[in-house]
1. Fully extended, how many nm does the chain gain between H96 and A362 (0.36 nm per residue separation, minus their Cα-Cα distance)?
2. So for the chain, if I pair up every lysine 8 or more residues apart or on another chain, how many of those pairs have alpha-carbons under 15 Å apart?
3. Please list, in order along the stretch 218-234, the HN-Hα scalar couplings obtained from phi with the Karplus expression 6.51 cos²θ - 1.76 cosθ + 1.60 (θ = phi - 60°), rounded to whole Hz, x for Gly and Pro.
4. For the chain, modelled as a Gaussian network with Cα springs under 10 Å, which listed residue fluctuates most, T243, T163, T28?
5. Taking H placed 1.01 Å from N in the peptide plane, check which residues at least 5 places from T196 or on another chain put their amide H under 5 Å from its amide H.
6. Quick one: which residues, 5 or more positions from T28 or on another chain, have an amide H under 5 Å from its amide H? H modelled 1.01 Å from N in the peptide plane, none for Pro or chain starts.
7. Can you give the FRET efficiency for I212 and D347, using 1/(1 + (r/R0)^6), R0 = 35 Å, r = Cβ-Cβ distance, to the nearest 0.05?
8. Give, as a single signed number, the net charge of other residues whose beta carbon lies under 11 Å from the beta carbon of C84, with Lys and Arg counted +1 and Asp and Glu -1.
Amino acid sequence: MVDKMSRYRYAPLLVFQIFLMILYILFTTYGGAEEANIKGFEDTHVMIFIGFAYLMTFLKKYCYSALGYNWFLAALVIQWALLCQSFFHMKDNMIHITKKSLLEADIMSATVLITFGALLGLASGTQLLFIAIIETAVGCINLYLMESVYKVTDIGGSIGIHTYGAYFGLGVSTAFRLRKPTGPDAAGTERLDGPTYISDITAMLGSIFLWIFWPSFNSGLAQTDAEAQRAVVNTYLSLAAATVTTFVLSAMVSHKPGKLDMVHIQNSTLAGGVGVGAVANLFIGPGVAIAIGIGAGVISVLGYRFVTPLLEKIGIQDTCGVHNLHGAPGVYSGLLSALFAAIATVDTYGSEYSNIFSAGAADGRSSSMQAAYQLAALATTLVLSFGTGFISGLIAKTKLFAPLEVHQRYDDEVNWELP
């Protein structure tokens with residue numbers, strides 16, 4: 001009976017897909033040509049479906065799930081996010097779908113995939129899909145607060161995407177640790193929460209794709225060519241500096257002195273893209289962009305070396321170390337955004353000031369007040385993400401969502417027909 005019912009484990013998702021179809025029929029139409037030439041959509045699409053997917057193929061027996069669920073989750077979330085984000089900007093009770101709105105939906109899907117990284121191998125497919133639906137809806141509310149209430153600058157999503165996704169995932173993982181193991185004892189079984197030589201190589205493919213296209217991710221929503229160019233330059237320099245820092249620091253702190261740790265190379269090399277994300281479009285200076293990348297690399301490598309083991313000791317699993325790649329560097333970027341908002345002036349930015357700091361022009365908000373709002377947005381994101389993630393995790397760990405037994409974790413055999 002159980003085997004027969006397992007055939008229909010994903011059936012509710014087809015119902016949800018049909019529900020989405022009905023909403024699209026009733027409430028969407030095509031947008032005009034004014035956003036047809038938006039930059040960054042194609043590159044971001046590659047990041048979502050290749051970069052994130054292959055980065056998570058490092059586990060020795062979970063590559064099918066890493067690639068498959070990444071595709072499944074992203075395809076679902078992009079449709080759902082497009083509606084949730086656009087709900088706040090409807091015209092005549094209709095959502096006008098443009099290339100820009102598709103890009104924004106792609107970016108929101110990154111939030112869910114970051115959370116997926118924290119739960120990789122720990123959550124069942126049905127748990128992941130339930131969590132994704134909740135996370136997307138709440139994440140869009142958080143973005144609305146940031147954009148329309150706090151009116152903050154965060155072009156690369158370091159606060160609203162990376163920080164939110166990382167701490168939502170850690171909130172879920174914290175809830176999962178409360179579940180007492182059931183079924184056969186996992187003691188003495190082969191540990192699957194690690195890589196092989198080949199799986200680490202495929203994960204590097206994901207890292208390289210993400211590294212190459214990250215400047216497009218951080219610049220995609222820029223409003224002017226000059227702003228987009230600054231975002232590309234700052235991101236590229238920050239990534240390069242974080243990469244050099246990662247290699248040097250990895251050899252210094254790895255368990256085998258002088259040898260490089262592939263976990264650092266796969267992940268911390270990307271931290272520069274997160275660290276600079278919230279300030280990528282600002283006048284920070286190329287040298288400062290490099291300094292930000294160095295700082296992000298240090299934060300990330302030390303996080304993998306020291307913070308992840310501490311989390312594991314208290315029972316909080318973070319399979320991909322999203323705290324160290326997305327969470328801590330995202331908080332770092334949020335703090336930097338407050339700093340650079342505080343010193344921003346109209347003389348420095350000229351006509352671009354009103355585009356980047358909209359509240360300064362429209363509401364007369366001072367630079368110091370803008371900095372305070374940047375910090376408020378960061379704090380709101382941290383509380384909302386971890387709190388909602390924890391609650392979602394409590395719900396998802398019930399038997400209704402078929403949680404994995406301890407001995408089933410990190411194993412494709414549970415969900416896939418293997419050759």
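1. Separation in residues times 0.36 nm, less the Cα-Cα distance, equals 93.2 nm.
2. For the chain, qualifying lysine pairs total 4.
3. Residue by residue, the stretch 218-234 yields 6, 10, x, 9, 5, 8, 9, 5, 5, 5, 4, 5, 4, 4, 5, 4, 5 Hz.
4. Of T243, T163, T28, the most mobile in the Gaussian network model is T28.
5. Counting only residues 5 or more places away or on other chains, the set is K60.
6. I95
7. After rounding, the FRET efficiency stands at 0.45.
8. Working: positive: none; negative: E104, E135.
Net local charge, C84 excluded: -2.
The numbers here are math on the coordinates, done by the rules we state, and not lab data. Here the structure is a predicted model, which means the values were calculated and not measured. For neighbour counting, all protein chains shown are included, and Cβ atoms are generated from backbone atoms with ideal geometry for every residue, glycine included.
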